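In what follows, a structure is listed as structure tokens, so that the remarks can point back to it.
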Amino acid sequence: AQNIQWGGRFTEATDAFVQVFTASVDFDQKMAEQDINGSIAHATMLAEVGVLTQEEKTTIIEGLEAIRLEIRNGEFEWSVALEDVHMNIEARLTQRIGITGKKLHTGRSRNDQVATDIRLYLRDAIDAILCELTRLQTGLVDLAEREADTIMPGFTHLQTAQPVTFGHHILAWNEMLFRDYERLVDCRKRVNRMPLGSAALAGTTYPIDRSITARLLGFDEICENSLDGVSDRDFAIEFCSAAALAMTHMSRFSEELVLWASAQFDFVDLPDRFCTGSSIMPQKKNPDVPELVRGKTGRVNGHLISLLTLMKSQCLAYNKDNQEDKEPLFDTVDTLFNCLRAYADMMPAIQVKKDNMREAARRGFSTATDLADYLVKKGVAFRDSHEIVGKAVGYGVAQKKDLAEMSLQELQQFSDIITDDVFQVLTLEGSVNARNHLGGTAPAQVRAAASRARAKISAR
Ligand code: ARG
């Protein structure tokens, strides 16, 4: 059997294995809706400029809409012999409406068709991801407001550093997500440009009007250069790079949640429905969702590298290499979306163990900096006060006593400037409340920051 799409110049049929090897229909059928929308816009434009008659246009559109329903209902028979989503749909169109179907591809190539489909697909995907990001961020702001006064140890090097409020910690996560949101919105501008009309590489001899198709498909701009339009995938790489950063942030949150859910930290309780048990150890409740989010970051990072590598040696214009762009891109979209969705669902249900957090903050000399600052405010130079407090901490380690648990006499061994107003400085509340400036951890600042974040989110 001759290959039906380009049989004209061929003297033998495609090798059976090569047919499967070169086909993309198994994965690119995901863009069927976009492909149909692109074809409808193309046919509409062709009729408007007089390349197709109005009747031909109507017949084509009706045929495509019928195929859309076949696909939605799972009745469409995808054929590997027809290679990809584009030729499957086009062949089916001709099967349904006859000879008119063969006119749809006038002034178009699969090269500009596929580039258009991917951009339409990715534009919708970004919009869906932005919605999940908003849902997650709203959950974080709610949690931060609820826990504005909750005190936990803040860490550097995973060693107790200074007390912070849990709300402040949560809003740090939220700041990362604000930047991820911005990056995706910015990337969307470059995604939403239309390659259709580039044809195979050089443009077309028909009197096409690209502004018509751009308007019909909701593109903000038109790709200026046909060679570039069909061949570049930098918009997809840019998306994957924004996605890799977003996943990196999600992975960091996950690492903290996994630690916090452990018996050793015991700061949070994750809802049972987001955890699983062990088949052997009856006591286990494993934080699977955060672990998987952390793990899935690996594949998203990998996809970014795949696409960069895919692109790097391609001469102009279209090369079949580009068929390899879809699986990494689709998987990046699905993975990021699913991770955001799981976290958006989980966030409101996280139980915070305030007493454990507080107890942990009391250990580890978290108010040592406050004591150093106290001495500075009484006239000691900072480096000297650092030394004095270091000695007090050394004593505390030996005596197994936190600074706040020492008597005034004990503290005065290290500096006679210390008086009994020191204890106010050494309390956890005193410590967090003292950091009362924009960006600081004081509960009042957390509430103000949360309400600014909420306003920013609702202005979207
Ligand atoms: N399936 C192809 C892809 O994903 C569509 C474009 C093919 N164009 C071509 N000239 N072979 O890129």
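Assorted remarks:
- Test: residue in the stretch 79-92 that is out of contact with any Pro (no Cβ under 8 Å at 6 or more places or on another chain), without any contact (Cβ under 8 Å) to a residue 40 or more places away in the chain, more than 23 Å from ALA202 (Cβ to Cβ) and more than 16 Å from the ligand (Cβ to nearest atom): yes
- Some residue of the stretch 413-420 being under 26 Å from ASP149 (Cβ atoms) and at pLDDT below 95: yes
- Looking at ALA144, ALA125, ALA115, just one residue is within 16 Å of the ligand (Cβ to nearest atom), of a type in the set (Gly, Ala, Ser) and touching a residue at least 24 places away in the same chain (Cβ under 8 Å), and that residue is ALA115.
- Subset of the stretch 297-335 [surrounded by fewer than 21 Cβ atoms within 10 Å (Cβ to Cβ), under 22 Å from LEU184 (Cβ atoms) and either of a type in the set (D, E, K, R) or not assigned by TED's automatic domain parsing to the domain that holds LEU245 (or both)]: ARG299, GLU327, ASP331, ASP334
- Residues that are acidic (Asp, Glu) and either closer than 21 Å to ALA41 by Cα or buried (at least 22 other Cβ atoms within 10 Å of the Cβ) (or both), drawn from the stretch 177-197: ASP180
- Filter result (surrounded by fewer than 16 Cβ atoms within 10 Å (Cβ to Cβ) and farther than 19 Å from GLN159 by Cα) within the stretch 356-376: VAL376
- Selection status of PRO328, modelled with pLDDT under 95 and either part of a helix (DSSP H, G or I) or out of contact with any Gly (no Cβ under 9 Å at 6 or more places or on another chain) (or both): no
- Taking the stretch 333-447 and the helices (runs of 4 or more DSSP H) fully enclosed by it, the elements with 2 or more residues that are closer than 17 Å to ILE170 by Cα are at 354-362.
- Qualifying residue in the stretch 179-196 (condition: closer than 29 Å to GLY63 by Cβ, in a loop (DSSP other than H, G, I, E, B) and more than 16 Å from the ligand (Cβ to nearest atom)): yes
- Residues of the stretch 316-341 that are among the charged types (D, E, K, R), in contact (Cβ under 8 Å) with a residue 60 or more places away in the chain and over 13 Å from PHE27 (Cβ atoms): LYS320, ARG341.
- Set GLU224, GLU175: member being modelled with pLDDT of 95 or more, assigned to a loop (DSSP other than H, G, I, E, B) and charged (D, E, K, R): GLU224
- Qualifying residue in the stretch 94-108 (condition: surrounded by fewer than 21 Cβ atoms within 10 Å (Cβ to Cβ), more than 16 Å from the ligand (Cβ to nearest atom) and not in a helix (DSSP H, G or I)): yes
- Hey, GLY390 touching a strand residue (DSSP E or B) at 6+ places or on another chain (Cβ under 6 Å), surrounded by fewer than 18 Cβ atoms within 10 Å (Cβ to Cβ) and not hydrophobic (A, V, I, L, M, F, W, C) or not: no
- Which listed residue, of ALA200, ALA263, is in contact with a Ser or Thr (Cβ under 6 Å, 6 or more places away or on another chain) and surrounded by fewer than 20 Cβ atoms within 10 Å (Cβ to Cβ): ALA200
- Looking across the stretch 320-373, the residues that are within 29 Å of the chain's Cα centre (by Cα), away from the ligand (no atom under 16 Å from the Cβ) and of a type in the set (Asp, Glu) come down to ASP334, ASP345.
- Only one of SER241, SER254, SER306 that is free of Cβ contacts under 8 Å to residues at least 40 places away in the same chain and either in a helix (DSSP H, G or I) or more than 30 Å from ALA47 (Cβ to Cβ) (or both): SER306
- Residue list for the stretch 304-319, restricted to those being of a type outside the set (A, V, I, L, M) and within 16 Å of the ligand (Cβ to nearest atom): SER306, GLN314, CYS315, TYR318, ASN319
The values are calculated or read from the model by the stated rules, or taken from the named source; none is laboratory data. Only a predicted model underlies this, so the values are computations on that prediction, with no experimental measurement involved. Cβ sites come from the backbone with ideal geometry, for glycine too, and all protein chains shown count toward neighbours.
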